[in-house]
Amino acid sequence: MDELPLDQVRTLLAVVDEGTFDAAAAALHVTPSAVSQRVKALEQRTGRVLLLRTKPVRPTESGEVVVRFARQLARLERDARAELGLAAEQGPARVPIAVNADSLATWFLPALTRVPQDPPICFELHREDEAHTTALLREGQVMAAVTSSPDPVAGCTVRRLGLARYLAVATPEFADRHLTGDLAEDLGRAPTVAFDRRDELQDEFVRSLTRGRSGAGRIRHLVPASDGFRDAVAAGLGWGLVPEPQAEALLRSGRLVELAPARPMDVPLYWQQWKLDSPALSTVAEVVAAAAAEALLPGPTRRRP
């Protein structure tokens with residue numbers, strides 16, 4: 001295999017984006033048979049199955065590599081057209097980014113307002129837990145991600161942003177009712193607020209107190225929104241780890257109390273992006289890094305306790 005035919009690569013991307021061969025054919029203004037033939041030819045050329053023929057279709061691990069290449073190729077083509085003055089009809093540059101909910105609710109959106117808009121840049125944000133944002137990079141769905149992983153995805157660079165600090169908090173009434181003895185043991189039984197079923201932050205905090213013996217309690221209220229999570233804790237549904245910027249006002253007012261003032265939880269955050277010479281992506285990366293330096297904590301990176 002000397003090369004990947006660009007028409008076949010673009011066709012594979014269209015099938016993934018549109019979800020079906022018929023929809024891809026309509027988008028490309030060709031017949032479904034032509035789409036099927038191009039995908040099969042590309043699979044024969046690479047010697048790998050690239051698509052799972054489900055509804056909607058899904059790329060295999062090998063297919064994700066080709067899809068990521070196709071998106072990078074499209075980005076490079078757009079940037080080249082812009083530099084040649086041929087991109088006016090293409091519209092503004094689009095930069096898809098994966099970011100965790102807590103960053104979205106605190107420092108990330110204000111950072112995006114600092115991005116110069118000449119030429120204009122459109123942001124396409126994908127909300128995902130910081131431990132899972134790299135999956136969207138691997139799949140080629142985003143060009144960059146705020147992540148807790150320092151290990152670069154293939155074809156990506158990594159830049160450290162800083163530490164996001166979380167505080168274990170609850171209402172005074174909740175603490176008086178559920179947290180009257182040994183804190184570690186009580187937290188292992190008390191109702192907990194979690195973002196979703198994959199949120200292990202509260203478990204990791206309790207394990208840090210019990211030296212790994214146990215995690216948070218079984219009664220878990222799932223609230224998949226950063227502001228909603230904070231409000232659920234402030235309403236007394238359970239205890240939880242709230243970003244320090246969101247907890248400060250509630251702590252000052254007495255609506256929340258800190259459960260372990262000497263044990264904040266610092267989560268290292270990184271910026272991963274495609275290794276791509278894209279002016280739009282480079283501009284966003286510099287602005288995000290500068291904003292993170294102001295909003296996050298510096299200091300040596302350490303794992304969650």
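Using the 1.4 Å probe convention, the accessible area of region 124-273 works out to 45 Å² per residue with neighbouring protein chains retained. Only helical runs count toward this figure. For the chain, summing -39,500 (n - 2.57) over DSSP H runs of n ≥ 4 and dividing by all residues gives -12500 deg cm²/dmol at 222 nm. Between residue 275 and residue 208, the C-beta separation translates, for a Förster distance of 30 Å, into a calculated FRET efficiency of about 0.25. Here's the picture: a label point sits 7 Å out from the Cα of residue 4 along the beta-carbon direction, and within region 104-128 nothing has its amide nitrogen under 12 Å of it. Taking label points 7 Å from Cα along the Cα-to-Cβ direction, residue 22 and residue 231 give a separation of 4.2 nm.
Region 242-299 gives an Rg/Rh value of 1.15, both radii derived from C-alpha positions and Rh following Kirkwood.
This model, with +1 at the C-beta of Lys and Arg and -1 at the C-beta of Asp and Glu, gives the chain a dipole about its Cα centre of some 620 debye.
Spin-label model, residue 165/residue 219: points 7 Å from Cα along the beta carbon direction are separated by 3.1 nm. By the scheme Lys and Arg +1, Asp and Glu -1, what is the net charge of all other residues having a beta-carbon under 10 Å from that of residue 155? Summing Lys/Arg as +1 and Asp/Glu as -1 gives +3. Each peptide in 206-212, 238-244 gets a packing score, the mean of other Cβ atoms within 10 Å over its residues, and the list from highest to lowest is 238-244, 206-212. Normalised by the number of residues in the chain, the mean separation of alpha-carbon contacts (under 8 Å, six or more apart) gives a relative contact order of 20 percent. Once a ≥ b ≥ c are taken as the square roots of the eigenvalues of the Cα gyration tensor of region 178-220, is the result rounded (a/c under 1.5), prolate (a/b larger than b/c) or oblate (a/b not larger than b/c)? In terms of gyration-tensor shape, oblate. Between the C-alpha center of region 143-178 and that of region 32-103 there is a gap of 30 Å.
Heavy-atom accessible area with a 1.4 Å probe sorts 156, 122, largest first, into 122, 156. With all protein chains in place and a 1.4 Å probe, the accessible surface of region 122-215 carries 42 percent carbon and sulfur.
Using r as the Cβ-Cβ distance of residue 249 and residue 189, and R0 as 22 Å, what FRET efficiency do you calculate, to the nearest 0.05? In this case the efficiency is close to 0.15. Semi-axes of the equivalent ellipsoid of the chain are 43, 22, 16 Å, computed as sqrt(5λ) over the eigenvalues of the C-alpha gyration tensor in descending order. Simple spin-label estimate for residue 132 and residue 44 gives 3.9 nm between the two label positions (7 Å along the Cα-to-Cβ direction from each Cα). Each principal axis of region 37-132 carries a Cα extent, and these read 46, 39, 19 Å when sorted largest first. Charged neighbours of residue 134, selected by a Cβ distance under 11 Å, balance to -4 (K, R count +1; D, E count -1).
Here the average projected area of the convex hull drawn through the C-alpha atoms of region 1-81 stands at 5.2 nm². Counting only DSSP beta bridges with both residues in the chain, the antiparallel share comes to about 65 percent.
Put simply, the amide H of residue 156, placed in the peptide plane, has neighbours under 5 Å in 275, leaving out anything fewer than 5 places away on its chain. Once the Cα-Cα distance is subtracted from the 0.36 nm per residue extended length, the residue 262 to residue 36 segment shows a gain of 75.3 nm.
Seen from residue 40, the other residues with C-beta closer than 14 Å to its C-beta sum to a net charge of +2, counting Lys and Arg as +1 and Asp and Glu as -1.
Which shape class applies to region 167-257: rounded if a/c is under 1.5, otherwise prolate when a/b exceeds b/c and oblate if not, where a ≥ b ≥ c are the square roots of the Cα gyration tensor eigenvalues? Judged from the Cα gyration tensor, region 167-257 comes out oblate (a/c at least 1.5, b/c at or above a/b).
The values are calculated or read from the model by the stated rules, or taken from the named source; none is laboratory data. Small disclaimer: the values here were computed from a predicted structure and weren't measured. Every residue, glycine among them, receives a Cβ derived from its backbone with ideal geometry; neighbour counts consider all protein chains shown. Side chains included, ligands, DNA and RNA excluded: accessible areas come from the protein's heavy atoms. Shrake-Rupley method; radii C 1.70, N 1.55, O 1.52, S 1.80 Å.
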